[in-house]
1. For region 84-164, what % of the accessible area comes from carbon and sulfur atoms, probe 1.4 Å?
2. Among L46, A79, L129, whose Cα sits farthest toward the positive end of the charge dipole of the chain (+1 at Cβ of Lys/Arg, -1 at Cβ of Asp/Glu, about the Cα centre)?
3. Can you give the calculated 222 nm mean residue ellipticity of the chain, where each DSSP H run of n ≥ 4 adds -39,500 (n - 2.57) and the sum is split over every residue, rounded to the nearest 500 deg cm²/dmol?
4. Keeping all protein chains in place, calculate the accessible area per residue for region 8-130 (probe 1.4 angstrom), answer in Å².
5. Give me the lysines in straight-line cross-link reach of K23: C-alpha distance below 18 Å, same-chain residues under 8 apart excluded.
6. DSSP loop (so not H, G, I, E, B), at most 15 other Cβ within 10 Å: list which GluC sites (Glu not before Pro) in region 6-42 pass both filters.
7. Give the dimensionless ratio obtained when the Cα radius of gyration of the chain is divided by 2.2 N^0.38 Å.
8. With an 8 Å cut-off on Cα pairs and a minimum separation of 6 or more residues, tell me the relative contact order of the chain in percent.
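The values are calculated or read from the model by the stated rules, or taken from the named source; none is laboratory data. Here the structure is a predicted model, which means the values were calculated and not measured. In this analysis, Cβ positions are derived from the backbone assuming ideal geometry, glycine residues included, and neighbour counts consider all displayed protein chains. Protein only, heavy atoms only, side chains kept; ligands, DNA and RNA dropped before computing areas. Shrake-Rupley method; radii C 1.70, N 1.55, O 1.52, S 1.80 Å.
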Amino acid sequence: MFRRQGGFCVATFAADEVRVLRKVASEVVGLLTEGFDHDDPVVGRLFPDTYPEDPADSAEFRRYTEGDLKTSKIDQAGAILAALPDTAGGEVRLDAEAAEAWLRALNDARLAMGVRLDIKNDTDLGDELDDAVLHDPTSARVFQLSVYAYLGYLQESLLNALLV
């Protein structure tokens, strides 16, 4: 998908891919703004306790760092939204800074989806997707697992293009 062209990482997205990426990035922004809730397991995954054995120290650390970290995550998701074509498919050209923002935003989106989909370190995504398709090929879970896999593929291709 992504390839290196001079100082840029370049990819061409179909209209459906643009819609999916816009939705995913917008949902991350929404989660970090109006949907921000420390009791949400996704927020816990994106903002883990630095000192889990000492809640007071964790709260103090969070007080000083959370605002900047949240702003950074919103900006990174915004980098995806800003670089995508408006509605139709098209080409995306990312310089090194934008590519790194995309990588971090894709990682945040995958972490969020992984929590919602109950993906663990030892989860075999292929088996999980096969099981979901066998159970109900038209289910939301099949679509969500497919998007999760797509984001991983996109992240890997961008990282490979960045490292060339």
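1. 52 percent
2. Selected residue: A79.
3. -23000 deg cm²/dmol
4. 56 Å²
5. Reachable lysines: K73.
6. Of the GluC sites (Glu not before Pro), the ones in loops of region 6-42 whose Cβ has at most 15 other Cβ atoms within 10 Å are E34.
7. After normalising by residue count via 2.2 N^0.38 Å, the value is 1.11.
8. About 34 percent, as a whole number.
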